[in-house]
Amino acid sequence: DAWSFAGFDTPESAIESVTWAISQGDEDSYMASLSPDLQDEMQSQLADGSFAETGPLEMSNATGYRILDRETVSDGERIVTVYMDGTGNQISLKLVETPDGWRVAGQSSDK
């Protein structure tokens, strides 16, 4: 219930927005949270229409998240490491700045 759509003005707001979209099973908002390259990649994976069911299941044990680290790769690229409370998962996300704001570009393999 605490998740919310926060827009894409900062890398942190993009993370909150993509997390909210997954928790709600909102495929359109999820796709809007992704970089154009990642949208193309995810299109085929979401073709079966199951995101509305699988998204919320993926987030069902998560109670929140904490940003553990931020790394500036360049002016338009950041690596943000997030710890998911309730699941114990830690993930490093690559975010890129697009003309429409910050978007998730995938997992970073650098961390």
Residue count, the range 2-12 (criterion: assigned to a helix (DSSP H, G or I) and either open to solvent by 20 Å² or more (accessible area, probe 1.4 Å) or at pLDDT below 95 (or both)): 1
Pairs, first outside any strand (DSSP E or B) in the range 64-78, second surrounded by 14 or more Cβ atoms within 10 Å (Cβ to Cβ), C-beta under 7 Å, six or more apart: 76/96; 76/97
Members of the range 22-63 that are small (Gly, Ala, Ser), under 18 Å from residue 87 (Cα atoms) and touching a helix residue (DSSP H, G or I) at 6+ places or on another chain (Cβ under 7 Å): 23, 55
Cβ-Cβ under 7 Å pairs, at least 6 apart or on other chains, the range 19-37 side without any contact (Cβ under 8 Å) to a residue 60 or more places away in the chain, far side outside any helix (DSSP H, G or I) and open to solvent by 50 Å² or more (accessible area, probe 1.4 Å): 19/65; 20/5; 29/5
Qualifying positions in the range 42-51 - part of a helix (DSSP H, G or I), over 16 Å from residue 93 (Cα atoms) and either basic (Lys, Arg) or without any contact (Cβ under 8 Å) to a residue 24 or more places away in the chain (or both): 43, 44, 45
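When you check residue 100 against the structure, is it in contact with a strand residue (DSSP E or B) (Cβ under 8 Å, 6 or more places away or on another chain) and charged (D, E, K, R), yes or no? Write out each step before concluding.
On the way: in contact with a strand residue (DSSP E or B) (Cβ under 8 Å, 6 or more places away or on another chain): no; charged (D, E, K, R): yes.
No.
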Output for the range 65-86, where each listed residue is under 19 Å from residue 9 (Cβ atoms) and loosely packed, with under 12 Cβ neighbours inside 10 Å: 72, 74, 75, 76
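The values are calculated or read from the model by the stated rules, or taken from the named source; none is laboratory data. Note that the structure is predicted; figures quoted are calculated from it, not measured. Cβ sites come from the backbone with ideal geometry, for glycine too, and all protein chains shown count toward neighbours. Surface accessibility is based on the protein's heavy atoms, side chains included, excluding ligands, DNA and RNA. Shrake-Rupley method; radii C 1.70, N 1.55, O 1.52, S 1.80 Å.
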